1. Of all residues in segment 207-220 being free of Cβ contacts under 8 Å to residues at least 60 places away in the same chain and more than 23 Å from residue 87 (Cβ to Cβ), which is farthest from the chain's Cα centre (by Cα)?
2. So which residues in segment 133-185 are in contact with a strand residue (DSSP E or B) (Cβ under 9 Å, 6 or more places away or on another chain), surrounded by fewer than 18 Cβ atoms within 10 Å (Cβ to Cβ) and more than 20 Å from residue 217 (Cα to Cα), if there are any at all?
3. Considering segment 83-138 alone, what residues qualify as being outside any loop (DSSP other than H, G, I, E, B) and closer than 11 Å to residue 229 by Cα?
4. Just checking, which of 221, 226, 233 is modelled with pLDDT of 90 or more and in a strand (DSSP E or B)?
5. Taking residue 103, is it exposed (fewer than 11 other Cβ atoms within 10 Å of the Cβ) and modelled with pLDDT under 75?
6. As an exercise: evaluate residue 74 against (1) at pLDDT below 80; (2) surrounded by 10 or more Cβ atoms within 10 Å (Cβ to Cβ) and give the number of the one condition it does not meet.
7. Looking at segment 26-44, I want the residues that are surrounded by 11 or more Cβ atoms within 10 Å (Cβ to Cβ) and have a partner that is outside any strand (DSSP E or B) and at pLDDT 75 or above with Cβ atoms under 9 Å, at least 6 apart or on another chain. Which pairs are those?
8. Just a yes or no: is a residue in segment 115-131 in the same structural domain as residue 218 (by TED's automatic domain parsing), within 21 Å of residue 192 (Cβ to Cβ) and exposed (fewer than 14 other Cβ atoms within 10 Å of the Cβ)?
């Protein structure tokens, strides 16, 4: 459906009126004949987009087309809003833990060979959300970093990056920190300062991930970090 068709179908008429109290309002008549009246003073921005009619494939979650090869979720796995940190997961694990150590890590790749968990029962995004959701690949992560504009910002007290794609659409990725083996921090450290986001690939002996802070956005690799609890942002084709 084109933007024009969507506007015609959803907004039959939109008019700006002035009530007796001199309050400017926008009136929107819906297809069912009902009327929605919105105080213009309360409107920050009006945008039009095409809702993805996926036939249930997205399982109630929202995806944003950034103009890349895949669509990116609006929030982290385990979160309900874009500013929620969501869950923290070791690479290849699908449940959270009180602490994250080498001893309690279930390694799906003990031989440390090339492996791709995307879309499998070791992919936390696919397990938790179902449908077509999965963890991003290394190539998709590179695409997000290299082809998007990353702007450090704060939304409702939560630091993170507004990631704007080539087509102008954007997502927010909060700086949720990471969980490790230090119970003195409640297992959580660097929250609201750094963001760590996993991918589904294990390339050789390394796992790769986004590591960002206010000053930079990097794709890092590490041998031991696969055991730590990182955020996960899902994608869909």
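The values are calculated or read from the model by the stated rules, or taken from the named source; none is laboratory data. Quick caveat: nothing in here was measured; it's all calculated off a predicted structure. Cβ atoms come from the backbone with ideal geometry, glycine included; neighbour counts cover every protein chain shown.
1. Among those that are free of Cβ contacts under 8 Å to residues at least 60 places away in the same chain and more than 23 Å from residue 87 (Cβ to Cβ), it is 215.
2. 182, 185
3. Of the residues in segment 83-138, the ones outside any loop (DSSP other than H, G, I, E, B) are 89, 115-116, 124-129, 134, 138.
Hit for segment 83-138 is 89, nothing else.
4. Just a single option satisfies the conditions, and that option is 221.
5. Working: exposed (fewer than 11 other Cβ atoms within 10 Å of the Cβ): yes; modelled with pLDDT under 75: no.
So residue 103 does not fit the description; no.
6. All conditions pass for residue 74, except number (1).
7. Final answer for the pair search is 26/40; 26/43; 26/46; 39/23; 40/23.
8. Looking through segment 115-131, none of the residues is in the same structural domain as residue 218 (by TED's automatic domain parsing), within 21 Å of residue 192 (Cβ to Cβ) and exposed (fewer than 14 other Cβ atoms within 10 Å of the Cβ).
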